[in-house]
Amino acid sequence: MQCKYPGCGREEKRDQCCIFHLRNKTAEEAAEFYRELVQYKKRKEEDPSARCVDLEGFFFPGHECIFRDEHFKKDALFDDATFGGDVSFDSATFDKEASFAGAMFSGRASFVGATFSGGAWFDDTIFSGYAFFNSVLFSTDATFDSATFTREALFLGAAFDGDASFRDATFGGDAFFEHATFSRHASFVDVTFGKDAMFFDVTFKNLLFHKAVLLGNVRLGARFDGIAVFEKVVFQRDTIESSDLATATRGNIGLSVTSFDGAYVSEGAEVRFIQQREYNASLDVERNLGIDRVSFLNVDLERFNFQQVEWGTLHGRRAVIEEVLMGRPPFEDVTPEQVRQICARLRANQEKALRYAEAGDFFIGEMDMRRRWLRERGWRAFPERFLLSLFSGLSRYGESISRPALATVIIVFVLVGLRLVLREPSEWHPYQPLSVEESLVRSVASFFQLRTTTLWTDILERLVSIPILGVLFIALRRKLERRS
């Protein structure tokens, strides 16, 4: 059956023209379409080597445009083309380069199951409707630089066998990359995700997130087989303000976070965070590009490298967001034991990197979560919880030397005053009360277990000093071991 459009001269296949098919055309649209086909045929007759499809700047009327199953054997150029309605390139095959640079898709753009054997260029392309790239095969490089996705963008199961670039791209709707594969280098430089971005079960070889802005929930439970770098990324908020977690999360329900839950880093691979502060000249402030909205729940952090980061803070120490959002969205099902594991893994990670101050803070978080878990067990766990509370109050679980040192000074001088008030007899001058100097010597000797008497003040001081000396020894040992 011959194509019904004059001048085409091709056989129609499944009610589809060899180039494209427009349904429900008006008379003006049909006339415009005919003129374009005549020009196309004339170019082919004058130059048989002309590209198969050269529709740069062509305006496709506002009806459905179908290229489904089309086979483009030479370069397919749709630069600056305007698609007034829905367009389908489902299962299309592009043997050479395919360029949609500057094109505008007013309706739904669907490339489901398409194969790009040459380069695929979508630079400056505007997708005003849904963009479907599910199960697309990009055999070589694919670029979406400065592309705009106004609504949802779906790359479910897409395979990027060459380099993939989304530099300066803007995702106004949700972005779905689940089960996609990036076999070479994936670049998300200066990209903005205005809503949720899903990278669950994605495989990355080498990945770069540089100056990206992540505003919605981001799921990065991906497999990393090479080097993944997150540098100067804004995670959910521009943290010019404080990173105090208690303040930032107060009154907020369902905060957006970036979650690495389910992430796997292969042997020899690494995930790096480089989030150093930078000066904002327009506001005359330093931007704190912290990672206080990043969750590492259920993640093995052995191959994570936190080179320059600022963590969230809680009660003056570094902390993770789950500590304040546990039991609240999006962590309503998270338990204290799970949060304890996060802190323990971060502690081990920071100790390996010789960052002992950070490791100590996460150890405190680890022990705090242990206490919360014991609290849930009720009275059966009271003895252990009491000891941990005492340990925390006296030395922050052995991480503070100043606390037991201060307690030592306070106890010594309290007992000095008590002895003077009680007018204990002097051992230096019989029949005279203690002097201040002798009371101080007696108190110091009793505190450090150097004095044995039957005086109740000495016995009291020796008993009180036992836990203080114990935690002071633990704190000193921990500090010295870390520096050896």
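Any read-out appearing in this document is the output of simple, stated calculations on the displayed coordinates, not a laboratory observation. The shown structure was predicted, so the numbers you read here are calculated from the model rather than taken from an experiment. Here the Cβ is made from the backbone with ideal geometry for all residues, glycine too, and neighbour counts use every protein chain on show.
Phi-derived couplings, Karplus 6.51 cos²θ - 1.76 cosθ + 1.60 at θ = phi - 60°, listed residue by residue for the range 408-414: 4, 4, 5, 5, 4, 6, 5 Hz, with x used for Gly and Pro. Over 30 Å between C-alpha atoms is what I'm after, so list which of 205/479; 73/211; 96/205; 96/195; 232/352; 195/232 land there. Violating the 30 Å Cα-Cα cut-off are 205/479; 73/211; 96/195. The H on the amide N of residue 66, modeled in the peptide plane, is under 5 Å from the matching H of 21, 88, each at least 5 residues off or on a different chain. Each residue of the range 141-157 was assigned a 3J(HN,Hα) from its phi angle through the Karplus expression (A = 6.51, B = -1.76, C = 1.60, θ = phi - 60°), giving 5, 9, 10, 10, 4, 6, 6, 10, 10, 6, 10, 5, 10, 10, 10, 5, x Hz with x at Gly and Pro.
With a simple spin-label model that places each label point 7 Å from the Cα along the Cα-to-Cβ direction, the separation between residue 354 and residue 476 comes to 2.6 nm. Couplings 3J(HN,Hα) for the range 472-480, derived from phi with the Karplus relation 6.51 cos²θ - 1.76 cosθ + 1.60 (θ = phi - 60°), are 5, 5, 4, 5, 5, 5, 5, 5, 5 Hz, where x marks Gly and Pro. Here the spin labels are modelled as points 7 Å beyond Cα on the Cα-Cβ line, and at residue 333 and residue 426 they lie 7.5 nm apart. In plain terms, the chain from residue 390 to residue 436 could stretch by 13.4 nm, reckoned as 0.36 nm per residue minus the Cα-Cα distance. Under 5 Å from the amide H of residue 312 lie the amide H atoms of 291, 292, 319, each residue being 5 or more positions distant or on a separate chain, with H modelled from the backbone and absent for Pro and chain starts. Rounded to 0.05, the FRET efficiency of the residue 405 and residue 307 pair, given R0 = 41 Å and the Cβ-Cβ distance, is 0.75.
Report the rotationally averaged projected area of the range 402-482 based on its alpha-carbon convex hull, in square nanometres.
Hull-based average projected area comes out at 5.5 nm².
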